[in-house]
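*Asks:* This is the structure I want to talk about, given as structure tokens.
Please treat every number below as a calculation from the coordinates, not as lab data. Fair warning: this is a prediction, and the values are worked out from it, not measured in the lab. We place every Cβ from the backbone using ideal geometry, glycine too, and count neighbours over all the protein chains shown.
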Amino acid sequence: MSINNEQRKTYYESIIKNGYNRRDFMKFTTYMAAFMGLESTMVGQIAKSLENTPRLPVIWEHYQECTCCSESFIRSDHPIVADIILDRISLDYTLTLMAASGHQAEAAKQETMNKYKGEYILCVEGSIPLGDDGNYCCIAGKSAKESFLEAAEGAKAIIAWGSCASNGCIQAAKPNPTEATPIHKIVKNKPIIRVPGCPPIGEVMAGIIVHVVAFGRLPELDRLGRPKAFYAKRVHDSCYRRPYYDAGLFAETFDDHNAKEGYCLYKLGCKGPMTYNSCGTIKWNNGVSYPIQSGHGCIGCSEANFWDNGPFYERATKVPGLEEEGLADDIGKVAAGVLAGGLAVHAVAANISKRKELMSRIRRGKSNEKNIDS
């Protein structure tokens, strides 16, 4: 990167200045490498990059959203994520966390855009309304669209935080009165990392920023622009309830015996089989739990149009990938058939065993009679 180093400390210098030691720093790099799915041999490269790379200038815009992405980020499990990475970001521009406001805040953004043109990262939280000439969301006298295009012009890359910026989210749900639009439909000439979720997991957000800093490039993305390290598998694939699905054991209501036993929630509307995210592996709240573990089915918040993809509490009947695995009823029938078949085999085997025992008794009885007669 060709960022001007003047008055910009490296990430390592910022970490040490804020009271952390070398051991804390190495724990952090190991932690982030694990979350990014990298081999342990890559820890050294991440550490070296953070030691030598000047802090990346970041502009973090907020449009039609609820700020849950920022809230998720600052509640990341590791304190360095919030204290160092996000704290340093706030010195550039983010309406939620920066100390400045009004004209001072806008002046700070303009300074970053001019001084680091072509080098800064633009983070976007929220969808952009195109209806009524953008009057549904205005900041500093500009519509969200104007503000976004201005900031995107000089950005090195753009990160779409959350489902609002990535897919439109609830604002874009039918009938979408504000014409809420995800950012990839507005800007086509910039690399965009889409990080869907409502909100995304804080560690996922931190991992993406650390990847860009450590390797000087975007992480490997899937065909939808999502980082493969975090969105390559369905929630269904890593769910601890998956064995119950495969066995045809499902909760029928949220308070029945099956639900209390931890059976699969697919019949109660769980969208895990159609949702790509790492909730089941990284989890939430310092790795304590995630919605399915707490007893509620996945609502598919990281998928496009999730708000319009049917009621949350009705199971999906046509799910890509499940045709090969079989739907709940089919699996249940197979499981019941296997059970019935097993019972039938057991009954036949038991009858044969009893018949053999009876014949053996008869033979022993006749033998005893002969012995008595003789």
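*Asks:* Taking the mean number of other Cβ atoms within 10 Å as a proxy for protection, how do you rank 145-151, 263-269 from highest to lowest?
*Replies:* In descending order of packing, they fall as 263-269, 145-151.
*Asks:* Which pairs break 19 Å Cα to Cα here: K109/K145; K142/K174; K145/K190; K109/K142; K48/K190; K48/K115? Write out the running numbers ahead of the final one.
*Replies:* Numbers: K109/K145 16 Å; K142/K174 26 Å; K145/K190 16 Å; K109/K142 14 Å; K48/K190 28 Å; K48/K115 26 Å.
Over 19 Å apart, Cα to Cα: K142/K174; K48/K190; K48/K115.
*Asks:* Follow-up question, since we're still on this one. Taking amide hydrogens as modeled 1.01 Å from N in the peptide plane, which residues meet the under 5 Å criterion relative to E61, leaving out close sequence neighbours?
*Replies:* Sorted by chain and number, the residues that satisfy this are C123, V124, E125.
*Asks:* Give me the distance in nm between label points sitting 7 Å out from Cα along the Cα-to-Cβ direction at F254 and E51, one decimal.
*Replies:* Once both label points are built, they end up 5.2 nm from each other.
*Asks:* Which whole-Hz couplings ³J(HN,Hα) result when phi for each residue of region 45-56 is put into the Karplus expression 6.51 cos²θ - 1.76 cosθ + 1.60, θ = phi - 60°, listed in order with x for Gly and Pro?
*Replies:* 5, 4, 4, 4, 5, 5, 6, 10, 8, x, 4, 6
*Asks:* Any idea what the relative contact order of region 134-234 is, in percent, if you count C-alpha pairs under 8 Å spaced at least 6 apart? Before the final figure, lay out the partial values.
*Replies:* Values: 115 pairs, mean separation 22.9, N = 101.
With pairs under 8 Å counted, the relative contact order is 23 percent.
*Asks:* Using label points projected 7 Å from each Cα along Cα→Cβ, tell me how many nm separate R75 and A107, to one decimal.
*Replies:* It is 3.6 nm.
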